[in-house]
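Each remark here refers to the structure printed beneath this line.
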Amino acid sequence: MNHFLSSVLLAAAALVAAPCLAQLPMSQPAGPQQSGQIGAVAPAANGPIRAPDEGTIQSQNIFEVQPDASSEPGYREQTNGQRARVQPGNNAPMWRQVAAGATGYSSLPPSQAPEAGNLIQGFVDYPFMRETNAGEAWRQVRNRWILPYGAALLGIVVLALALFFVAKGPLGHRHPESQRKFERFTPFERAAHWSNAFAFVVLAVSGLVMAFGKFFLLPVLGLTITGWLAYALKYVHNFMGPLFAVSLALIVVIFIKDNIATLADFRWLTRLGGLLGDEQVPSHRFNAGEKGLFWWGITLPGIVVVGSGLVLDKLIPGVGELRGQMQLAHMLHASLALWMVALIIGHIYMGTIGMRGAYRAMKTGYVTEGWAMEHHRLWAEDIRAGRIPAQRSSEVPPAPERPTAPLQA
Ligand code: HEM
């Protein structure tokens, strides 16, 4: 990714550098003085060009222009008013203050526009970064940290899962449908899960297009289509956010009691759930991997991503009026959303092709007794012992299929 990104950035840098180079005196396009106007003379290689009779500066590298007034003592410390007296029209003192984050006068009431008089935010000192104004610092955090490292994380996760699938294939065994069925997820739990899954996937796709669309869509679809797509997806993102907030709260409440850590989970973690051995380590309804995802991949980052998303959506009164608040909300939102997407990709892998029989658990709500014993033995034993009901909802469980007669040789 870094190579790709650096090449894209390099290309972008080249595109940006080109017009800057054009500003250099040697590439100055034909100006009035080339057009034979009175007083115009041919530009010299370097140094100020002076018209023979007027003694004022005609053209020079702007950064080297030193107005006569600059020889005045305290020139750089002059206020704008003082500068206007010695060099009318030169507002450099005012712009220097603006760039330093000074707040000037504004007739807009602070209640409506709390930052009206402040054009550029004050300086901030973020770790691993040169001191700069808050706006520039946010831009650098987004473009130099969140996007490149976020994309790298997603790339590594997808690559690792692909290699794992090639090496190990789907985990678990097939279990005959004739076995007794255990209800793993009630209809209500499944509805909550899938509406949450739908909202999350829409948010993830629209968010990834807003963040990375210019790298992978723009070269293919061009400016107009990419622009319209990103614009439309931004609205989809803004409307889907609140739905995700509700469904996320719902699945946290529904599943929290079965995601509390137990002693069995520490045993599971020490043997990575059986990945280091031949058989799975016994676990309750959810194993330590699922519980880890529940807390570190869904609940905790989800609260911050939803909260910061609502700030960015300007849905929390009084929060998000200041640029600093929006910048902080964006940095938290983007970085933790990329973290969630990376972990949920792993969850989707395990919930579809990564483990036999897992998908049907959330699709039909039922698993065979064999599947439960293989993957969640302590949960299955609790059901067998009657400590947990095999059927929790009033839904009619699917009848065990009659065993198919073994094929005659
Ligand atoms: C297309 C996307 C998804 C698929 C295919 C999928 C699939 C599954 C499957 C098969 C299970 C059952 C696992 C088991 O029996 O232990 C499950 C459980 C679960 N899923 Fe998903 N899921 C998806 C998206 C999501 C998203 C976006 C979230 C949250 C942001 C989520 C949160 C959960 C939770 C909380 C559980 C219960 C397990 C636990 O609490 O640890 N899922 N999912």
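The values are calculated or read from the model by the stated rules, or taken from the named source; none is laboratory data. Predicted, not measured: the structure shown is a model, and the values here were computed from it. Positions of Cβ are generated from backbone atoms using ideal geometry, with glycine treated the same way; all protein chains shown enter the neighbour counts. Just so you know, the surface numbers come from the protein's heavy atoms only, side chains and all, with ligands and any DNA or RNA stripped out. Shrake-Rupley method; radii C 1.70, N 1.55, O 1.52, S 1.80 Å.
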Can you name the condition, by its number, that V166 falls short on among (1) without any contact (Cβ under 8 Å) to a residue 60 or more places away in the chain; (2) more than 23 Å from Q280 (Cα to Cα); (3) open to solvent by 50 Å² or more (accessible area, probe 1.4 Å)?
(2)
Pairs where the first residue, in the range 354-383, is on the phi > 0 side of the Ramachandran plot and the second is away from the ligand (no atom under 11 Å from the Cβ), C-beta under 6 Å, 6+ apart:
G365/E183
Name, by its number, the condition in (1) farther than 20 Å from F182 by Cα; (2) open to solvent by less than 50 Å² (accessible area, probe 1.4 Å); (3) free of Cβ contacts under 8 Å to residues at least 12 places away in the same chain; (4) within 16 Å of the ligand (Cβ to nearest atom) that does not hold for L300.
(2)
Unique residue being near the ligand (Cβ under 10 Å from one of its atoms) and either among the hydroxyl-bearing types (S, T, Y) or over 13 Å from the mean Cα position of the chain (by Cα) (or both) when the list is G318, G289, G273:
G289
A careful count of residues in the range 360-372 that are within 20 Å of K291 (Cβ to Cβ) and either touching a strand residue (DSSP E or B) at 6+ places or on another chain (Cβ under 7 Å) or open to solvent by 30 Å² or more (accessible area, probe 1.4 Å) (or both) gives 3
Please name all residue pairs, on different chains or six or more residues apart, with Cβ atoms under 7 Å, provided the first residue is in the range 239-250 and is closer than 15 Å to G207 by Cβ and the second residue is aromatic (F, W, Y).
F244/F200
Of F200, F188, F212, F182, which residue is open to solvent by 50 Å² or more (accessible area, probe 1.4 Å) and either farther than 23 Å from A361 by Cβ or not hydroxyl-bearing (S, T, Y) (or both)?
F188
Check G155 against each of (1) touching a residue at least 12 places away in the same chain (Cβ under 8 Å); (2) in contact with a helix residue (DSSP H, G or I) (Cβ under 9 Å, 6 or more places away or on another chain) and name the one condition it does not meet.
(2)
Is it true that F182 is in contact (Cβ under 8 Å) with a residue 60 or more places away in the chain and closer than 26 Å to V396 by Cα?
yes
Looking only at the range 215-229, how many residues end up being open to solvent by 30 Å² or more (accessible area, probe 1.4 Å) and either of a type in the set (G, A, S) or within 14 Å of the ligand (Cβ to nearest atom) (or both)?
1
Residues of the range 118-131 satisfying the condition of being of a type outside the set (A, V, I, L, M, F, W, C) and modelled with pLDDT of 90 or more
N118, Q121, G122
Verdict on R174 being touching a residue at least 60 places away in the same chain (Cβ under 8 Å), out of contact with any Asp or Glu (no Cβ under 8 Å at 6 or more places or on another chain) and assigned to a helix (DSSP H, G or I):
no
Would you be able to say whether some residue in the range 251-270 is free of Cβ contacts under 8 Å to residues at least 24 places away in the same chain, out of contact with any strand residue (DSSP E or B) (no Cβ under 8 Å at 6 or more places or on another chain) and at positive phi?
no
Selection from the range 317-334 of residues free of Cβ contacts under 8 Å to residues at least 40 places away in the same chain and either closer than 30 Å to I348 by Cβ or in a helix (DSSP H, G or I) (or both) yields Q325, M326, L328, A329, L332, H333
Taking the condition of being in contact with a Ser or Thr (Cβ under 9 Å, 6 or more places away or on another chain) and in a loop (DSSP other than H, G, I, E, B), how many residues in the range 77-98 meet it?
1
